[in-house]
Amino acid sequence: MTREEFIKVLNREKYSYEIEGDRIVVNRKEDVYLESLTSLPPGVEFRNKGSVNLDSLTSLPPGVVFKNGGYVDLDSLTSLPPGVEFKNGGNVDLESLIGGWFDDWQGNIEGIDSMRLLNFMINKGVFER
């Protein structure tokens with residue numbers, strides 16, 4: 001998906017956003033539901049107050065950042081490249097990658113924050129395919 005196509009989707013859904021340099025920052029005060037999208041352009045940042053639902057996404061480009069207030073739903077995602085960051089306020093659903101919510105994943109290490117572990121694993125290329 002191109003930047004222009006993504007901006008058209010945001011405008012159609014009436015989701016507020018800003019352009020900050022080469023980044024598209026989604027800053028809606030509520031949840032973001034874009035479950036029909038299968039891809040995103042590089043340089044997207046979610047800073048909305050609620051959750052982000054991207055159920056049909058099969059891949060993310062490097063540089064996508066989640067700083068939203070709630071969970072992130074990525075049920076169909078089949079890879080996570082280095083450069084994707086999760087700094088969101090809730091859990092991350094990676095059904096196709098690990099079989100469910102990351103907080104519930106049996107590979108978590110006691111005493112280590114699960115989001116910190118997830119970001120570390122992403123940066124090391126564990127979820128690249």
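All of the numbers you see were taken from the coordinates with simple rules; none came from a lab. Keep in mind that what you see is a predicted model, and the values were worked out from it rather than measured. Positions of Cβ are generated from backbone atoms using ideal geometry, with glycine treated the same way; all protein chains shown enter the neighbour counts.
Quick notes on this one:
- Looking at the range 40-95, the trypsin sites (Lys or Arg not before Pro) that sit in a DSSP loop and have at most 14 other Cβ atoms within 10 Å of their own Cβ are LYS49, LYS87.
- Adding -39500 (n - 2.57) for every DSSP H run of four residues or longer, then dividing by how many residues the chain holds, sets the calculated 222 nm ellipticity at -5500 deg cm²/dmol.
- Split the chain at each of the GluC sites (Glu not before Pro) in a DSSP loop with at most 15 other beta carbon atoms within 10 Å, and the longest piece is 36-109.
- By the rule of a C-alpha distance below 19 Å, with chain neighbours fewer than 8 residues away ignored, the aspartates and glutamates paired with LYS29 are GLU13, GLU18, GLU20, GLU45, ASP73.
- Relative contact order for the chain, counting Cα pairs under 8 Å that sit 6 or more residues apart, in percent: 16
- Beta bridges assigned by DSSP with both partners in the range 3-123 are antiparallel in approximately 30 percent of cases.
- Virtual spin-label span in nm between TYR15 and LEU117, 7 Å along Cα→Cβ: 2.9
- Straightening the chain between GLU4 and THR78 buys 24.2 nm, computed as 0.36 nm per residue apart minus the Cα-Cα spacing.
- Stretching the chain fully between LYS49 and TRP105 yields a gain of 17.6 nm (0.36 nm per residue, less the alpha carbon separation).
- Value of D in µm² per second that Stokes-Einstein yields for the range 3-123, Kirkwood Rh from Cα pairs, at 37 °C (0.692 mPa s): 228
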